[in-house]
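Participant: Quick one: the structure is below, questions incoming.
The values are calculated or read from the model by the stated rules, or taken from the named source; none is laboratory data. The structure presented is a predicted model; accordingly, all values stated were derived computationally and were not measured. Note that each Cβ is placed from the backbone with ideal geometry, even for glycine, and that neighbours are counted across all protein chains shown.
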Amino acid sequence: MMLNKAFWEERYADGRTGWDIGYAAPALTAYADQLADPSLRILIPGAGNGYEAEYLWQQGFRNLTVLDIARPPLEQLRARVPEMPEIALVQTDFFAYAGGPFDLILEHTFFCALPPERRPDYARHMHGLLAPGGKLAGLLFQFPLTEQGPPFGGAAAEYREYFQEGFRIKVLETATNSIPPRAGNELFFIFEKQ
């Protein structure tokens with residue numbers, strides 16, 4: 001399976017977007033609600049339809065970069081939030097993206113959609129995109145790792161292994177405010193760049 005631009009654009013075209021809940025994840029809006037500085041430079045990679053970006057924009061955050069390999073979800077976000085600058089919407093492969101540095105990177109279903117062999121690359125690239133002291137935060141799935149995906153699953157012990165070098169693990173715990181179909185299957189995390 002080639003998880004490339006064509007794969008993801010086909011999923012959007014066919015409406016096979018089971019990861020898309022249709023709104024910003026409650027755990028991420030709760031986290032966003034406690035952010036005090038609207039000038040934070042925020043990246044949302046693998047953003048899909050960008051509901052978290054839309055929520056942050058509505059809360060006054062303007063230094064947003066929304067990244068996805070597929071064009072259709074970025075167009076959906078643009079249609080919902082026409083005042084968001086075009087420059088904020090970046091269509092590219094995450095691993096080819098060299099922007100930043102960012103104060104915060106929000107993760108939601110992106111990590112577990114990557115082939116598991118790319119996970120160490122993800123951790124290194126995230127580290128490189130963050131400013132010193134920057135945070136990578138969001139949701140990771142916690143169910144047995146599988147070759148049948150995406151999503152591919154994973155567990156806290158595995159995630160600790162990927163991020164123990166270069167990050168301080170501030171929070172990594174079962175999310176208490178997941179949507180009902182994902183209850184018990186999501187970990188909320190905050191990793192701080194060292």
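Participant: Which of the residues belonging to the range 68-98 are within 18 Å of Ala123 (Cβ to Cβ) and out of contact with any Asp or Glu (no Cβ under 9 Å at 6 or more places or on another chain)? Explain how you work it out, then say what you get.
Facilitator: Going through the range 68-98, the residues within 18 Å of Ala123 (Cβ to Cβ) turn out to be 93-98.
Those that are within 18 Å of Ala123 (Cβ to Cβ) and out of contact with any Asp or Glu (no Cβ under 9 Å at 6 or more places or on another chain): Asp93, Ala96, Tyr97, Ala98.
Participant: Any idea how many residues of the range 44-62 are crowded, with 23+ Cβ neighbours inside 10 Å and of a type in the set (Asp, Glu)?
Facilitator: Qualifying residue count for the region: 1.
Participant: Moving on. Would you mind stating whether Ile44 is touching a helix residue (DSSP H, G or I) at 6+ places or on another chain (Cβ under 6 Å) and either within 29 Å of Asn185 (Cα to Cα) or touching a residue at least 40 places away in the same chain (Cβ under 8 Å) (or both)?
Facilitator: On the way: touching a helix residue (DSSP H, G or I) at 6+ places or on another chain (Cβ under 6 Å): yes; either within 29 Å of Asn185 (Cα to Cα) or touching a residue at least 40 places away in the same chain (Cβ under 8 Å) (or both): yes.
Yes: the conditions hold for Ile44.
Participant: Look through Leu145, Leu77, Leu136 and report the one residue that is at pLDDT 95 or above and touching a strand residue (DSSP E or B) at 6+ places or on another chain (Cβ under 6 Å).
Facilitator: Details: Leu145 fails: at pLDDT 95 or above; Leu77 fails: touching a strand residue (DSSP E or B) at 6+ places or on another chain (Cβ under 6 Å).
Within the list Leu145, Leu77, Leu136, the selection yields Leu136.
Participant: Return the residues of the range 14-36 that are in contact with a strand residue (DSSP E or B) (Cβ under 8 Å, 6 or more places away or on another chain) and either exposed (fewer than 15 other Cβ atoms within 10 Å of the Cβ) or part of a loop (DSSP other than H, G, I, E, B) (or both); say none if nothing qualifies.
Facilitator: Selection gives Ala25, Leu35.
Participant: Further question: Scan the range 118-130 for residues that are farther than 17 Å from Glu192 by Cβ and touching a residue at least 24 places away in the same chain (Cβ under 8 Å) and report the count.
Facilitator: So the first thing to find is which residues in the range 118-130 are farther than 17 Å from Glu192 by Cβ, and the list is 118-121.
Still in the running and touching a residue at least 24 places away in the same chain (Cβ under 8 Å): 119-121.
The number of residues fulfilling the criteria is 3.
Participant: Could you grab me the full set of residues in the range 174-192 that are within 20 Å of Ala24 (Cβ to Cβ) and in a strand (DSSP E or B)?
Facilitator: Thr174, Glu186, Leu187, Phe188, Phe189, Ile190
Participant: Further question on the same structure: If a residue counts only when it is under 16 Å from the mean Cα position of the chain (by Cα) and surrounded by fewer than 21 Cβ atoms within 10 Å (Cβ to Cβ), which strands (runs of 3 or more DSSP E) contained entirely in the range 63-121 have at least 2 such residues? Before you say what the answer is, go through the steps one by one.
Facilitator: Values: elements: 64-68, 89-91, 102-108.
Qualifying strands (runs of 3 or more DSSP E): 89-91.
Participant: Next question. Is it true that some residue in the range 79-93 is closer than 25 Å to Leu172 by Cβ and of a type outside the set (A, V, I, L, M, F, W, C)? Before the answer, list the steps.
Facilitator: Residues of the range 79-93 closer than 25 Å to Leu172 by Cβ: none.
Within the range 79-93, none of the residues are closer than 25 Å to Leu172 by Cβ and of a type outside the set (A, V, I, L, M, F, W, C).
Residue-by-condition table, conditions (1) crowded, with 17+ Cβ neighbours inside 10 Å; (2) touching a residue at least 40 places away in the same chain (Cβ under 8 Å); (3) part of a loop (DSSP other than H, G, I, E, B); (4) on the phi > 0 side of the Ramachandran plot:
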| position | (1), (2), (3), (4) |
| --- | --- |
| Pro132 | no, yes, no, no |
| Leu140 | yes, yes, no, no |
| Gln148 | no, no, yes, no |
| Pro151 | yes, yes, yes, no |
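Participant: Pick from Leu43, Leu56: which is more than 11 Å from the chain's Cα centre (by Cα) and under 29 Å from Ala6 (Cα atoms)? I'd like the intermediate steps shown before the answer.
Facilitator: On the way: Leu43 fails: more than 11 Å from the chain's Cα centre (by Cα).
Sole residue among the options that is more than 11 Å from the chain's Cα centre (by Cα) and under 29 Å from Ala6 (Cα atoms): Leu56.
Participant: Would you check which residues across the range 1-50 are touching a His at 6+ places or on another chain (Cβ under 9 Å) and on the phi > 0 side of the Ramachandran plot and list them?
Facilitator: If the condition is that a residue be touching a His at 6+ places or on another chain (Cβ under 9 Å) and on the phi > 0 side of the Ramachandran plot, then Gly46, Gly48 are the ones that fit.
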